[in-house]
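Here is the structure we will look at.
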Amino acid sequence: MKMGIKTTNKTIIILVVIWSTLFLFSSLPFKQVESNISEKENTFSNFKFNDTYVYDLIRKQVDLGPRYPGSEGIENARHLITSQLNQTKWKIDFQNFTEIWNTENITCVNIICEPKERNHSEQAFLLLAHYDTRLWANKDPDPQKKKDPVPGANDGASGVAVALELGKILLDYYNSTNFQLVFFDAEDQGEIYDWNWLVGSRYYANSPDFLNENLSFGILLDMVGAEDAVFKRERNSWNNAKELVSWIWDEAHSLNFQNYFSTSFFGPIHDDHVPLLEKGLPTIDIIDEFGIRFKQWHTTSDNMTFIDTETIAVVGLTLESALSGLINETEFISNLPSVNFQNPIILSSPIILILLWAVKRSYTRKKDFN
Ligand SMILES: [Zn+2]
C-alpha cells in the first residue's frame with residue numbers, strides 16, 4: 001500500500017512535470033513565432049524576392065576570397081556579378097579608371113548594368129552598392145589580424161546580392177526597364193596607404209556615364225545582411241532626400257518591419273551616396289548601424305556567420321514593395337526636389353565616428369561602475 005501511494009505520487013509528479021513542460025513550450029514564444037511566420041507567408045506569397053538566392057550569392061562572393069581593388073578576387077567577383085544577368089536582357093558596361101595606390105598603378109572598374117529595353121527618353125533610377133572589400137581589417141580586436149583582409153560578407157557582398165536580385169525581379173516580374181544597377185569599386189580602402197574613401201563612386205559621379213544620364217533618384221545598399229540589423233534614417237539621406245527615405249521607411253512599417261527600419265537617426269555617414277548627392281541627385285543610403293551594432297565591421301569576422309536570411313528578406317521585400325509602387329508614381333518621382341548638398345564633412349569622418357563611439361562607451365562603462 002505504501003509503495004502504491006508512493007508510485008501514485010511519483011506518477012502525478014511526472015505527469016505534472018510533463019504537462020507543465022508541454023504547456024511552456026506550446027504556449028509562449030514558439031506559438032507566436034509560428035503564427036507570425038504563417039501570417040507573413042500569406043502577406044508575402046505574391047512577392048518574388050528570393051532570400052535564399054541572395055544568401056547563396058553572398059556566400060559565393062565570400063568564397064572568392066578578398067576582393068580589394070586590383071585583386072584576383074575582385075576580378076572573379078566581376079565575373080560572378082555579370083554572370084547573374086541574362087545577356088539577352090541586360091547591357092553591361094565597365095567603367096575603368098586607374099588609381100595610384102602605394103606607388104602601384106591599380107585598375108579599378110565600376111560595373112554599370114541596365115535592361116536592354118530601357119527607354120532613354122524617360123528618367124531612370126539607380127540601385128547602388130560597392131563590390132570591393134577592405135584590404136585591412138583595422139578594426140579587428142586581435143592586433144595580429146589588423147592587416148588581414150576583410151571577408152566582406154556584409155560590407156560588400158550583401159548590398160551587391162540584394163541589388164542584383166531586385167534588378168532581376170523588377171525587370172522580369174514588374175516590367176520595369178528604366179533603371180540601372182551600379183556596382184562601385186574602391187569604396188572601402190580609406191586611410192590605407194594614401195588611398196581615399198568612395199573612390200569608385202566619386203569617379204562615377206564626375207563621369208559622363210552619370211552626368212549625361214536622365215536620372216530621378218538613387219538607393220544605395222550597404223551592410224544589409226547581418227542578423228538583427230537596424231536601419232536607422234541616415235542623416236545625409238534624410239537632410240537631402242527625406243521624401244524618398246519616408247517612402248521606403250513607411251513601406252517597411254506597413255509590412256511590420258519597424259524593428260529593422262527604425263525612425264531614429266544615424267550618421268551622417270560618408271558613403272557612396274554622397275558624391276551623387278553633391279551632384280544634386282536625391283540618393284539615400286540603407287545601412288546598418290556599423291561599429292555600434294554591427295560590430296564585425298572592418299574585422300576578419302565579417303563572414304557568413306553573421307549573415308541572416310531574415311534580414312535579407314526584410315530589406316528585399318521592403319524594396320520590392322516600395323519600388324514596384326514607386327515606378328508607377330511618376331508625379332511623386334518628378335516632384336522629388338533636387339539636392340543642394342551641404343555635408344558637415346567633419347562629423348561624418350570615420351575618425352570622428354570612432355571618437356564619438358569611444359566617448360559613448362566610456363560613459364556607459366562609468367555608468368556601470370556607478
Ligand atoms: Zn566598409
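One table, with the values for the structure above:
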{"read-out": "Any chance N256 is away from the ligand (no atom under 16 Å from the Cβ), of a type outside the set (A, V, I, L, M, F, W, C) and in a helix (DSSP H, G or I)", "value": "no"}
{"read-out": "Test: D285 is in a loop (DSSP other than H, G, I, E, B), touching a Ser or Thr at 6+ places or on another chain (Cβ under 9 Å) and at pLDDT 95 or above", "value": "no"}
{"read-out": "Check on D188, within 12 Å of the ligand (Cβ to nearest atom), under 13 Å from the mean Cα position of the chain (by Cα), of a type in the set (D, E) and surrounded by 18 or more Cβ atoms within 10 Å (Cβ to Cβ)", "value": "no"}
{"read-out": "Any hit, the range 301-315, residues being more than 30 Å from Y174 (Cα to Cα), in contact with a strand residue (DSSP E or B) (Cβ under 9 Å, 6 or more places away or on another chain) and in a helix (DSSP H, G or I)", "value": "yes"}
{"read-out": "Residue match in the range 46-62 (condition: of a type in the set (D, E, K, R) and surrounded by 18 or more Cβ atoms within 10 Å (Cβ to Cβ))", "value": "yes"}
{"read-out": "Output for the range 292-333, where each listed residue is among the acidic types (D, E) and modelled with pLDDT of 95 or more", "value": "D302, D308, E310, E320"}
{"read-out": "Elements of type strands (runs of 3 or more DSSP E) contained in the range 87-154, each with 2 or more residues being in contact (Cβ under 8 Å) with a residue 12 or more places away in the chain and small (G, A, S)", "value": "124-130"}
{"read-out": "Residue that is nearest to the chain's Cα centre (by Cα), among those in the range 104-159 that are among the β-branched types (V, I, T) and within 13 Å of the ligand (Cβ to nearest atom)", "value": "T133"}
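To keep it simple, each residue is scored yes or no on (1) more than 16 Å from the ligand (Cβ to nearest atom); (2) more than 15 Å from the chain's Cα centre (by Cα); (3) of a type in the set (G, A, S).
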position	(1), (2), (3)
L164	yes, no, no
W195	no, yes, no
V199	no, yes, no
G225	no, no, yes
W238	yes, yes, no
I248	yes, no, no
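The values are calculated or read from the model by the stated rules, or taken from the named source; none is laboratory data. Here the structure is a predicted model, which is why all the values come from computation and not from measurement. Cβ sites come from the backbone with ideal geometry, for glycine too, and all protein chains shown count toward neighbours.
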